[in-house]
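The values are calculated or read from the model by the stated rules, or taken from the named source; none is laboratory data. Computed from a prediction, not measured in an experiment: that's the story for all the values here. So basically every Cβ, Gly included, is an ideal-geometry build from the backbone, and we count neighbours across all protein chains shown.
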Amino acid sequence: MLSSRSPVAIALCIAVLAGCGSPPVPNSLPLKVAAKNGSAALEFGQWVLVFEGVPAGNAGASGTINLPFAGGSGAATAVFGPITVSQSWNGQQNSISVNGVAFKLTEQGKKLEFADQSFQVTNASKTILIGKDGKTREDTGN
């Protein structure tokens, strides 16, 4: 049995706390389907995307959004009732389409680039409203 003062116990504690090198960067974010004001919403990372005019079916369903990472690539499609999410990612970006609205996820999930404008998060979550016409705007809570 190891005493809490033994050199082996101390080394084991240091290894567990410090990890072996730098911590791995996660390659995906949990995705949750939600309902906001009767419209479908996708929540992932610090983002909440509200798709106005898309019915809020399948609230509570979950999946993942892939982050761009060095050497990574792939594609996936998931259907959550009235919502279809398609992704295609590589080392620089994840090109995502939700019911035909295309955007890019870049900068390790901190930036979204839509056709009409881009959004970036810092410390707080950000809610983006996507109109039926695909135009985007930030929800400022007003």
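Pairs meeting the criteria (first residue in region 81-93 and more than 17 Å from Leu49 (Cβ to Cβ), second residue in a strand (DSSP E or B) and aliphatic (A, V, I, L, M), beta carbons under 7 Å, at least 6 apart or on different chains) are Ser88/Ala75.
Out of all the residues in region 83-96, is one or more more than 16 Å from the chain's Cα centre (by Cα) and part of a loop (DSSP other than H, G, I, E, B)? No, region 83-96 has no match at all.
Considering region 48-80, and only residues there that are touching a Pro at 6+ places or on another chain (Cβ under 8 Å) and loosely packed, with under 15 Cβ neighbours inside 10 Å, the residue that is modelled with the highest pLDDT turns out to be Ser62. Here Ser95 meets each of (1) small (Gly, Ala, Ser); (2) under 16 Å from Pro30 (Cα atoms); (3) buried (at least 16 other Cβ atoms within 10 Å of the Cβ) with one exception, condition (2). Check off (1) surrounded by fewer than 16 Cβ atoms within 10 Å (Cβ to Cβ); (2) out of contact with any Leu (no Cβ under 6 Å at 6 or more places or on another chain); (3) over 24 Å from Thr140 (Cβ atoms) for Asn27 and give me the number that stays unchecked. Of (1) surrounded by fewer than 16 Cβ atoms within 10 Å (Cβ to Cβ); (2) out of contact with any Leu (no Cβ under 6 Å at 6 or more places or on another chain); (3) over 24 Å from Thr140 (Cβ atoms), only one is false for Asn27: (2). Just the residues that are small (Gly, Ala, Ser), modelled with pLDDT under 95 and exposed (fewer than 14 other Cβ atoms within 10 Å of the Cβ), please, taken from region 103-130. Matches in region 103-130: Ala124, Ser125. Restricting Thr77, Thr64, Thr106 to those that are among the polar types (S, T, N, Q), without any contact (Cβ under 8 Å) to a residue 60 or more places away in the chain and under 14 Å from Val33 (Cα atoms) reduces the list to Thr64.
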